[in-house]
Every structure is written in structure tokens, then in C-alpha cells.
Amino acid sequence: MHHRFFHRLLLLLLCAFLCTAWGETPPHSKLTPWDVDGMYAQAHTILEDKTIQSVSGVPAMLEACARTGHIPAQRLLLDVYEGRFKGLEQQPQKALYLAHKLASEQPADNETKEEQAMRDEAAFRYALFCEQGYGCSKDPEKAYKWMRKLAMGGMSKAQVEVARYLFSGVGHKKAPRLALHLLWECHIKAPDTPNLYFYLGHMCSQGLGLRRPNQLMAYNFFKLGASRHDARAANNLAAMYEKGIYVPADRAIAIRLYKRAAELGSKEASANMQRLAFKTNVEAAIVSNSPSRRICNAFLRLIDELPIAKRMKTRFSAPFQPNNALPLLNDE
């Protein structure tokens, strides 16, 4: 018994060494389920370990596992083909083929719920690939059909994307009322679904599916999205504070929200934050350098040097503070 265990362990280590050193894998027909699980675990560890310099042998290891029908390995290989790991280039056509293969295959009778969820995720990505033209020509109609199939199967994030197709007219004629109904249904059943509140807020702000725009509802939905770490919802909420839409204009709050959205990954929010901060600083500099401001500052310095009590200094300097300064000069 012990000899068999050490024999298998030695075989696994030899396979791992060959895969890492030369990027080669033994024929999948000779791999036992135990060997496949071990190679998959090693590949996963290599990809997650930031200290490992070379990951070039990982695709070959995962491809060997994938040829045996190992669903987790195929799911991880899809991430690899999409270039989601540093040091590995994107391979769009391979990603498209693998996503379609996973989505189209008839599941085995003994397949677990976790493995079925992996197939559904691959189908979701395949729909997005078709929409975006990733590894193929753009085909929004096919994307809509795949996404609708997933939504009917109960995938909440697919339902949200179907709503996007319907209110924007991608892959299907526009149907904003139906889109709003789908999003509202998702709001009731699955409020943590990605992009849900961004799309709801967008539809309300534009009046899509409604009689007229409703900025109150838009504000509330963007706020809900921001509380659930939706970068685009936080960015739009910041824009409402910047422009004074429904809420009083407040640049300080807007900058904080733009910063939060940028930290969540929104490049648009990062650009908005820098633009607004620069604009605010420039305006502050213009005000602080005006003739009247300079004279007020001179009076404040003079009062500060007077040999009187602090209470009297505060009283005398009050009219010359930035918020209470008297119009001593015409700044035109």
C-alpha cells in the first residue's frame, strides 16, 4: 500500500518537473484522476503565487488536464487564455473555442452543481465574446440568444445583461419596459447582482421604460450600487453631486465618490476625479490671489501681531476671514 502511494507521488512529481521545465505533458490517456487533480492543484498554486517568476509551463499542464474532461481545469484554462494572469498572453480564438465547448457539451450524469456552474460561467463569457467580437466577428444576435438561455435557467447576472440588450437594442429590438421589469425582478430576488443598480439608475435618469426621467430613483439606485461596490454606479453618483442633479452640488463629496469608484477599478472615475480636483484647485488659487484677498490677508497678519488677547484677535479678524471678507476692492 505504501509502495503504491510513493510510486504515484513520484510519478506526479516527475510530471510536474517535466511540465515546468519543458512545457510538455504526458499523454492524457496515461493520467489517472489522481494525477490530474494533482497537476491541476499545482497549476492553480503556481498562478496564485506572486513570487513565482515563470508560469510558461502552466498552459500545457492545464491543457493535459482539460483533455481528460476535468471541468475545473478547463475553467482555469479559460482564464489563462483570456490573459488574466501576469506573464501569459491572451489567446482569443482558443478562449472562444474552449468557452463554446464547455457551454455546448452535454453534462455528465455525475456532474456536480459546482461543475455545472462553471459551464454556465463559460456560456456567459461565450455570449460576451460574441457581442464584443473577441476571437470572432461580432454577433450580437447570437450573444442575446445565449444570454437569454442562461437568464431563463436562473442566472441573475445573465438576466441583467439581457435587460441591457433590451434597453439598448443590442441583438434584439428595443424593449425598455421589459428591460425595466427584468431589472426590478432581479432587484427583488438577487440585489447583489453585478451592474444591476448601475443599469437601473441609468434607465431612470434617462427615462427609459418610464414616462419621464426620474432623478430621485436614479439617485437611490446609484447609491445602492455604490454601497455594493459597483464602480460605475459610484461614478454616476459622483457626477450627480458634481452637477447638482437632484442633490445640492458638492464638489467635496463628488471627489470622494470619484476616488472610491477609481479604487474599484473605474478609469473614467479616475479621470473625473483628477479633472474636478484640478479645476477646484485652480479656482481656489484664483480666489486666494485676488487683490481683495491679498489685502484681507495683510490685515489678518497685522492683527495677529497685535499685543492683545486671543479673544480680541478673533473678534477683529472675523470680517477679514475668507468666508466673511468685506468687498474692499473691485476684483474685475
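When every residue of the stretch 219-232 is checked against the conditions, at least one turns out to be out of contact with any strand residue (DSSP E or B) (no Cβ under 8 Å at 6 or more places or on another chain), part of a helix (DSSP H, G or I) and farther than 23 Å from residue 156 by Cβ.
Considering 144, 81, 97, the condition of being of a type in the set (Ser, Thr, Tyr), in contact with a Phe, Trp or Tyr (Cβ under 6 Å, 6 or more places away or on another chain) and either under 22 Å from residue 36 (Cα atoms) or surrounded by 15 or more Cβ atoms within 10 Å (Cβ to Cβ) (or both) is satisfied by 144 alone. With respect to residue 277, is the statement that it is more than 30 Å from residue 155 (Cβ to Cβ), of a type outside the set (S, T, N, Q) and outside any loop (DSSP other than H, G, I, E, B) true? Against the criterion (more than 30 Å from residue 155 (Cβ to Cβ), of a type outside the set (S, T, N, Q) and outside any loop (DSSP other than H, G, I, E, B)), residue 277 qualifies. The set of residues in the stretch 38-54 being at pLDDT 85 or above and not hydroxyl-bearing (Ser, Thr, Tyr) consists of 38, 39, 41, 42, 43, 44, 46, 47, 48. Would you check if residue 122 is closer than 30 Å to residue 162 by Cα, outside any helix (DSSP H, G or I) and among the aliphatic types (A, V, I, L, M)? No: the conditions fail for residue 122. Return the total of residues in the stretch 49-65 being outside any loop (DSSP other than H, G, I, E, B) and β-branched (Val, Ile, Thr). Going through the stretch 49-65 one residue at a time, the tally reaches 1.
Do you know which residues across the stretch 253-281 are exposed (fewer than 15 other Cβ atoms within 10 Å of the Cβ) and under 9 Å from residue 231 (Cβ atoms)? Within the stretch 253-281, 263, 265 qualify. Of the residues making up the stretch 168-193, those that are in a loop (DSSP other than H, G, I, E, B) and either surrounded by fewer than 16 Cβ atoms within 10 Å (Cβ to Cβ) or modelled with pLDDT under 95 (or both) are 169, 170, 171, 172, 173, 174, 190, 191, 192. Only a single criterion out of (1) more than 22 Å from residue 233 (Cβ to Cβ); (2) crowded, with 16+ Cβ neighbours inside 10 Å; (3) in contact (Cβ under 8 Å) with a residue 12 or more places away in the chain is not satisfied by residue 157, namely (1).
Give the residues of the stretch 30-79 that are closer than 17 Å to residue 119 by Cα, within 27 Å of the chain's Cα centre (by Cα) and among the small types (Gly, Ala, Ser), sorted by residue number. The answer is 73, and nothing else. Restricting to the stretch 184-198, name every residue that is in contact (Cβ under 8 Å) with a residue 24 or more places away in the chain and more than 18 Å from residue 257 (Cα to Cα). Those that are in contact (Cβ under 8 Å) with a residue 24 or more places away in the chain and more than 18 Å from residue 257 (Cα to Cα): 185, 186, 189, 190, 191, 192, 193, 194, 196. Scanning the stretch 194-212 for residues being part of a helix (DSSP H, G or I) and either of a type in the set (Val, Ile, Thr) or crowded, with 18+ Cβ neighbours inside 10 Å (or both) gives a total of 10.
Filtered by the rule that a residue be over 26 Å from residue 145 (Cα atoms) and among the polar types (S, T, N, Q), the stretch 56-89 gives 56, 68. Looking only at residues that are touching a residue at least 24 places away in the same chain (Cβ under 8 Å) and surrounded by fewer than 20 Cβ atoms within 10 Å (Cβ to Cβ) in the stretch 129-138, which one is nearest to the chain's Cα centre (by Cα)? Result: 134.
Of 138, 142, 149, 101, all but one fail to be assigned to a loop (DSSP other than H, G, I, E, B) and not small (Gly, Ala, Ser); the exception is 138.
The values are calculated or read from the model by the stated rules, or taken from the named source; none is laboratory data. Computed from a predicted model, the values in this text were never measured in an experiment. Backbone-built Cβ (ideal geometry, glycine too); neighbour counts: all protein chains shown.
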